Amino acid sequence: MIFTRPRPTTGSLAGRVCLVTGGAAGIGWALSRALAQAGAHVHVGDNSKPNLERAATEAALLSGAASIAFAEVDVSDRDALENWITAIHAERGRIDILIHNAAYIHWADVEEMSVEQAQLAMRTGYDALVCAVKTVLPLMRAARGGQIVAMGSAAGRIFVKGPAASYAAAKAAVEAYTEMLRIELTGSGIGVILVRPATVAGTDFWKVHVSSARMPRIADFLPPTSPEKVADAVVQAILRRRPSVDIPGYLPPFYRAYALLPELTRKAAATGGNGRRDYAIPLPAPSPATAKRDNLALRALKKAGANAQFVRTMSTVAPSIDRTTHRLTRGRLLLMPAMLPSLMLTTTGSLSGRPRQVPLLCHLEDDGSYLVVASNFGKTHHPAWSHNLLANQQAVITRAGQTLAVTATLLDGPARASAWDRLVKVWPPYENYAHRSGRHLRIFRLTPQ
């Protein structure tokens, strides 16, 4: 083992004994450094000799010197993991924080991955967590306190093309186990924290998937964060005893939207256009509690629409999710604006001549026409679909399972001003989009032919 002297600190982690599995590279190493620099005595367990040697060299260069010990530990070996934990407790007399960060990452489809590789992913990510918790829990109970931190992932909540099935399964298992552990330990004085990062640049995970062009689709719309930012968020969660950490912080709305997809798809499949039922089994009317929940969610969504970071993410994720939902429900439903009036607009590409689809919020006028605004989420340039409509006024819309041919008219003057007032009532963030873009947002009236 290698020790360096602790850096003086006034932080509340001073003197704490912390264990970090998979702690010699990527997020784990960033966590180990952050904990040590906050005054903790950090014990790093990792099964990679090169990573351990590199981390030990870097540890010696940390400003102020930090207390970090390194050990070669294969967490998939239960005896080795338990012996490492009990040896640290015997040496230090306490274990205050356990962070299970270890994971086995092998990106391959189910048919390409061997059974042994899939099992190793579960043994490293999930089984090792169970063994580590079973070992430290009696020690923490005897000390009447402690914290257990489990590294989950957005891949364990949102199942899209990209992540290996074994990795997603391990992270989903980690999440379920951690949530149940928190429930069981309520009132015990032992805190449980679940950390769910999305894509993190600079990790082995990132390097493997960028080089193999197999980054999960979630990386398309969630900008990668850094190991250091994840580490800082985890340290803050430990200090404040938070139950969970999502990085970026605006991940939860995507989890809720994804969770709603099967139910919304089922409802859409059981209804025709304008809510007409195609089947004899009636859908239950929403309960007052459900209506209240949806109303709160709508207000929260409109409030979030004023957040620039949320909007940047939505500008990429919303169209792709809506196109998928539109296809699955045969045009009856758009998921992202499910609580708002919306339609799918199909234009003809002004350059390609090919059909182009885009989901849009809309306002249904008394005469049966629809108003749409080319906000482009507040970006400085006009969206492509508005150029298409200027080049060719003929388009098609799909709403509630009905497809209509429409003629688009660009509004101006008093007609535009009046339409703008109605559109802002539908989606107040349009005001922010207009201010942020610096553009005169185009408004079109889509009139059924």
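Applying both filters, DSSP loop and at most 10 other Cβ atoms within 10 Å, to the GluC sites (Glu not before Pro) of region 86-181 gives Glu111, Glu112. Of the solvent-accessible surface of region 146-201, computed with a 1.4 Å probe over protein heavy atoms with every protein chain present, carbon and sulfur atoms account for 64 percent.
Per residue, the accessible area of region 63-189 comes to 45 Å², computed with a 1.4 Å probe over protein heavy atoms only.
In terms of its C-alpha gyration tensor, region 363-427 comes out rounded, because the ratio a/c of the largest to the smallest axis stays below 1.5.
Distance between the modelled labels on Glu82 and Ile183, one decimal in nanometres: 2.7 nm (7 Å Cα→Cβ projection).
The largest accessible area among Val396, Val17 belongs to the first residue in Val396, Val17, and the rest follow in falling order (1.4 Å probe, all chains).
In whole percent, and with a 1.4 Å probe on the protein chains, what portion of the accessible area of region 350-449 is carbon and sulfur? Summing carbon and sulfur atoms, their accessible area is 52 percent of the total for region 350-449. Per-residue packing, averaged as other Cβ atoms within 10 Å, sorts the ranges 193-199, 234-240 into the order 193-199, 234-240, beginning with the highest.
If you take the beta carbon distance between Asp367 and Tyr255 as r and set R0 to 35 Å, what does 1/(1 + (r/R0)^6) give as a FRET efficiency, to the nearest 0.05? After rounding, the FRET efficiency stands at 0.30. The distance between label points at Ala165 and Lys379 comes to 3.6 nm (points 7 Å beyond Cα on the Cα→Cβ vector). Label positions at Ser48 and Leu239, each projected 7 Å from the Cα along the C-beta direction, are separated by 2.9 nm.
The values are calculated or read from the model by the stated rules, or taken from the named source; none is laboratory data. In this text the structure is predicted, and so the values were computed from the model without any measurement. With ideal geometry, Cβ positions are generated from the backbone for all residues, glycine too; neighbour counts draw on all protein chains shown. These area figures cover heavy atoms from the full protein model, side chains too; ligands, DNA and RNA do not enter into them. Shrake-Rupley method; radii C 1.70, N 1.55, O 1.52, S 1.80 Å.
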